[in-house]
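What follows is a set of notes on a single structure, which appears directly below.
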Amino acid sequence: MRRRRILGQGEDSDPMSVVSNLFDVAMVFAVALMVALVSRYDMTEMFSQEDFTMVKNPGKENMEIITKEGDKINRYTPSEDSESSGNKGKRVGTAYQLENGDIIYVPE
């Protein structure tokens, strides 16, 4: 009987300790998932100090231009801005950048 009491005193009988351990595991999993997604979609520029511009879905109706200037990130969607200002526009050409850095504009 004495042996059981000695062994039983070291056990933790708090049922909430299991929940806190599950919360820790979930947080580690969430951070690992975020790191994997950032590295998979090459979004590491968002965390650097350099300014950059990125174009999502170029030439399509749902095109977005994302710029980062310092700590501020701006999203520009051409269709949203043209409706709010009352001005309408259309695509007039395409620009291509060559291997040597020259940019060529081709009107449509």
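Quick notes on this structure:
- Residue ID - farthest from the chain's Cα centre (by Cα), chosen from residues in segment 30-61 that are open to solvent by less than 90 Å² (accessible area, probe 1.4 Å) and in contact (Cβ under 8 Å) with a residue 12 or more places away in the chain: 59
- Condition met for residue 79 (assigned to a helix (DSSP H, G or I), modelled with pLDDT under 75 and surrounded by fewer than 10 Cβ atoms within 10 Å (Cβ to Cβ)): no
- Scanning segment 10-69 for residues that are in contact with a Lys or Arg (Cβ under 6 Å, 6 or more places away or on another chain) and of a type in the set (A, V, I, L, M, F, W, C) yields 52, 66.
The values are calculated or read from the model by the stated rules, or taken from the named source; none is laboratory data. Only a predicted model underlies this, so the values are computations on that prediction, with no experimental measurement involved. Every residue, glycine among them, receives a Cβ derived from its backbone with ideal geometry; neighbour counts consider all protein chains shown. Note: areas computed on protein heavy atoms with side chains; ligands, DNA, RNA excluded. Shrake-Rupley method; radii C 1.70, N 1.55, O 1.52, S 1.80 Å.
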